[in-house]
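Below: the structure, in structure tokens.
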Amino acid sequence: MQDKQHIASAFDRDLESIQGLILKMGGLVEAAIIDGAQSLADRDIEAAEKVRRGDKVIDALEEQLNEEAARVIAIRAPVSRDLRVILSVLRLAASLERIGDYAKNMAKRTSVLAELNPIEGSDAALKRMAREVQNMLKDTLDAFVNRDAELAGEVLQRDQDVDQMYNALFREFLTHMMEDPRAITACMHLHFIAKNIERMGDLVTNMAEQVIYLTTGHMPDEDRPKGDNTSYVAQPE
């Protein structure tokens, strides 16, 4: 009996360690989203470079988490819910790593945009969009910690807001490019950034779906609401 209790407590400690790594990784990714958007708004090349360097730390944490998860699976041979926790964490980590890459890509464009004329209103709009994604990620991580499927479900619905922000920016950039050809280069870079932020939102909703699966044992049945209709906007009438 004592041996079983010892094994259970050791496994609990392993799970706590793994979940601690995912939360640390999540905190760094949250910061990368906000800092990347702020460095862009300020045209702060030094701050942007800090975001780019920070992505290496995020990548290293994912690698550490993967190794720790593999060790636990090999030694503890978890089953049922315990295995579901570990597999869910691995999927969360993969999404976080990709979000970090998008934040890094956003920062990469700061030096280019610093040499171009600003597009009125774009920086503030991109910051709002990035802040919404960061808040969605924060709530998803909270839902993970608290095993809160309801909060994770709310995150799924909020992805529509990010898509609508992206659609509005897409139209604004098209308008600027048509009215002033000199704005084309800057608008193309800014559109790339907006699309990256929109993709971050998609990845966060993937994470929220994974939290729902972890908590309930089932993936959400409903199709995820999507508001990105730029593929239609871009088509000629």
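The values are calculated or read from the model by the stated rules, or taken from the named source; none is laboratory data. In this text the structure is predicted, and so the values were computed from the model without any measurement. Note: ideal-geometry Cβ built from the backbone for every residue, glycine included; neighbour counts use all protein chains shown. Remember, those area values only see protein heavy atoms, side chains included, never the ligands or the DNA or RNA. Shrake-Rupley method; radii C 1.70, N 1.55, O 1.52, S 1.80 Å.
Roughly how far apart, in whole Å, are the Cα centres of segment 142-180 and segment 88-120?
Value for the Cα centre distance between the two parts: 16 Å.
Please give the charge dipole size of segment 44-166, origin at the Cα centre, charges +1 on K and R Cβ atoms and -1 on D and E Cβ atoms. Round to the nearest 20 debye.
Using Cβ point charges on Lys, Arg, Asp and Glu, segment 44-166 gives about 340 debye.
Net charge around Leu113, counting only other residues with Cβ within less than 12 Å of its Cβ (Lys, Arg = +1; Asp, Glu = -1)?
Details: positive: Arg43, Lys108, Arg109; negative: Asp42, Asp44, Glu115, Asp123.
Within the 12 Å Cβ shell, the charges total -1.
Keeping every protein chain in place, order Met219, Met136, Met178 by accessible area at 1.4 Å, biggest value first, i.e. largest first.
Result, largest first: Met178, Met219, Met136.
When the chain is modelled as a GNM with alpha-carbon springs shorter than 10 Å, which of Arg98, Arg84, Arg13 fluctuates the most?
Highest fluctuation among the options: Arg13.
Provide the per residue accessible area, probe 1.4 Å, for the chain, rounded to a whole number of square angstrom.
Solvent-accessible surface per residue comes out at 52 Å².
Only four residue types carry charge here, +1 at the Cβ of Lys and Arg and -1 at the Cβ of Asp and Glu. Report the dipole size of segment 148-227 about the Cα centre in Debye, rounded to the nearest 20.
Result for segment 148-227 is approximately 440 debye, rounded to the nearest 20.
Report the residue, chosen from Arg131, Arg91, Arg109, that carries the largest GNM mean-square fluctuation when the chain is represented by alpha-carbon nodes joined by springs under 10 Å.
Top of the fluctuation ranking is Arg91.
For Lys50, which aspartates and glutamates qualify as cross-link partners when the Cα separation must be under 12 Å and same-chain residues fewer than eight apart are set aside?
Filter leaves Asp35.
Quote the accessible area belonging to Thr185 in square angstrom, nearest 10, computed with a 1.4 Å probe and with ligands, DNA and RNA left uncounted.
Result for Thr185: roughly 70 Å² accessible.
How high is the relative contact order of the chain, in percent, counting Cα pairs under 8 Å that sit 6 or more residues apart? Could you put the intermediate results ahead of the total?
Working: 269 pairs, mean separation 58.2, N = 237.
RCO, the chain: 25 percent.
Compute a Gaussian network model of the chain, connecting alpha carbons closer than 10 Å, and tell me which residue from Tyr166, Tyr213, Tyr102 fluctuates the most.
Between Tyr166, Tyr213, Tyr102, it is Tyr213 that shows the largest mean-square fluctuation.
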